[in-house]
Amino acid sequence: MFKFFRIYNKFILAVGGSLLMIAFLVGSSLQSLVGPSIPVQGTLDGEDITVMDTRHASNQLEILKRYVPQLYIMTQTMLKAENDYDRSLLWYMIQYDAGRLGIGASNAEAFTVLNVIGIDETGVKRIANQMKQQEGVVLDAVKSWVVAEMYSELVLGKGHESVYARLQKFVGTANAYQQMFGQQVGPQYVYQLAALSSEDPYRVSKPLMEHFLQDQNARVGGEAVVIPADLYLEDVAAPSETDLNTLFEKYKNDLPGKSEPFGFGYKIADRVKLEYISIPIDECLKQVTVEEAEAYEFYKKNEANFVERDEQGQPKEGGSIQPYSAVREQLITEMKRNKAFELGQTIAKTALAELQKPLASVKKVNGYYNLGDDYQGEPMRVVADDIFREFKVRPQQFNAQREKWIEVDRVQELPGIGMSFVGGQQNAPFATYVASAKQLDPSETNPLIALYLQENVPSDIMIGFDGSMFIFRLTAAEAAHAPESIDLVKTQVETDAKLQMAFEKLKDERAQWLDLAKQSGLEAVAKQAKVEVKKTGLVPRVEMRSAAGGDQTPEIAGIGKSQLLVDAMYKTARDTGKNGDLKDIAAMDRMGEADVDSKLALVVFRVDDYNLMTESEYIQNASKFIETAGSMNYTLFLSEEPNVISFEMLSERLKWVPERSDEEDMESADQVSDEAEAA
């Protein structure tokens, strides 16, 4: 299957709600029909799942297996689970998630499927009589099969034919195999062969296309208040030493801002200490002159370069040569600047040679100097004094970072040198050069490794954007590493621990904040939180960054990225049952809230606009989508890519928490199987 759609599908899976108006909606869960005495087997997205739920799923599979084996065989490639109990639970999860996605099926669709495999209404009655059940029980099992097939099309982006066309292909293939083998093999084997032979390759399904285009074209917007956890800092107790150590151990190998979900991190980034000298172009300008005769001689030799120019500075076609008097001032300025640049280069080369003198007798190993512990480089102060005596240009010395660490990611902030380049080459910036230092264990992809930068060795000559020259020397360099102890970062750990506790308290009071918004408006929430109401702008469901995928979470103005918040806004808008301008709906019915973990904040919002893609827009965009998908040349996933509707993957995504042990589960599965046998 296309990699692009695998990446995109995770947003469908995470959302749990379709933006499309799908005709058939699955009704309420069986859970709502049973009493409190029914044993609970676990929770799914926080909702209790009882024995009745899993028994119902198990019975449906048993019906398909015994009476409609063609359909059951086709589900086997979908139901990846270790045992019958997990398989029943997986079937329930598929139906549960399909319901959230708005996927359903009717009796008419069930009869259409049955007719394809040769079972008419009389056949349904016969099956029901054998089971001693109502006909609706049989139809419900078949409808669940239709739902499961539609669900797999959507979440896998699989299939380019209708369910019925695929079923007809399956039946035709099975009949062909039956004729080939005759009575030598049983129907089960024939059906298995047919299932394997008719398995569709991964292609772009219509449901996937609909969701993709809808997610790109839908927009929701309104206003929001970001309530920071800081509000509760005074209300939380000081964290214990145990809490601090736990937090430190959890994030000590993460860089600040890089961990999920809060961005906590105590790992020390690549860092250096350094010193550098600068030969300012302005100081060099003071030491050079351009004589009148020299400038005029240059003008005469290069008259062709002084043709009249247009407003864009380009030579006019057929333009005349400008007189010397018209270009004199500009010419002298440019000639003087060129001389100053050449002087700066001469000074820099002289300074570098002086700094390199102590290295003359040092051997190199694999391109790097083999410096001993007693090695002493030439002091930059001494070199600067020598330069001044010889050239009358005073180099500037920068020693602020000589004994003070600076992270490599911030070296571009250093005055002057931060925006310089090795030899003035635009593909060799200062920060990349520093990151190539031997002691930082540079990545093999760093293009400047071949310059062999290391501690205590002067750098190549750097040239700034204004023509100033720089030479630096690393006095120390450390690759990224975890702190040796919590004491080195304890202040930050304490701050983070309190913030996390404050955030939990804020989340505990989410209902009160939402009630305040519904009763008094977002302005009252903002006033209490001591922040401002922000306009969200119109936000898409997802935002495609590139053909390679990447983060598709939309950016919300003034808030940042939070897929949870985007999903909550869309759900709130969808629940209004209206499309377009929502302002005629009571404001309290357009309110919602969501955690934004990355900001340690709670966002209370009101949706004002909800714009969905219309059918005509879908038809118009679908053809463009095909062209786009075809031109992107997406890479196919390997077959070992995880199955997103396996028991493991669905359990994780739907937050399945079992209440019983595996042994009890197996006993329950056996009991359900026995009851299905009796049925």
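Coordinate-derived values only; no laboratory data. Quick caveat: nothing in here was measured; it's all calculated off a predicted structure. Don't worry about glycine lacking a Cβ; one is built from the backbone with ideal geometry, like all the others, and counts go over all protein chains shown.
Laid out as a table, the results:
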| item | result |
| --- | --- |
| Rounded if a/c under 1.5, otherwise prolate or oblate - the stretch 451-554, Cα gyration tensor axes | prolate |
| Inter-site label distance for Gln76 and Asp120 at 7 Å from Cα along Cβ, in nm | 3.1 nm |
| The stretch 523-610: C-alpha gyration tensor shape, a/c 1.5 cut-off, then a/b vs b/c | oblate |
| For Leu274, net neighbour charge (Lys/Arg +1, Asp/Glu -1) across residues whose Cβ lies under 11 Å away | +2 |
| Filter on Lys65/Lys143; Lys273/Lys392; Lys301/Lys349; Lys252/Lys404; Lys578/Lys655; Lys267/Lys404 - keep pairs with C-alpha separation over 25 Å | Lys273/Lys392; Lys301/Lys349; Lys578/Lys655 |
| Spin-label proximity, Glu484 to the stretch 395-410 - amide N less than 17 Å from point 7 Å beyond Cα toward beta carbon | 405 |
| Gln130-Glu249 FRET efficiency (beta carbon distance; Förster radius 60 Å; 0.05 resolution) | 0.45 |
| Segments 443-456, 596-609 sorted - mean Cβ within 10 Å per residue, highest first | 596-609, 443-456 |
| Cβ crowding within 10 Å averaged over residues, with 573-583, 106-116 ranked highest first | 106-116, 573-583 |
| Computed E for Glu403/Glu504 - FRET, C-beta separation, R0 45 angstrom, nearest 0.05 | 0.65 |
| Around Thr576: net Lys/Arg minus Asp/Glu count, Cβ-Cβ under 12 Å | 0 |
| Zone of Asp385's modelled label, taken as backbone nitrogen in the stretch 461-489 under 13 Å from a point 7 Å along Cα→Cβ | none |
| Packing-based order for 458-464, 65-71, 306-312, using average beta carbon neighbours within 10 Å, highest first | 458-464, 65-71, 306-312 |
| Residue-count net charge about Gly222 - beta-carbon cut-off 12 Å; Lys, Arg +1, Asp, Glu -1 | +2 |
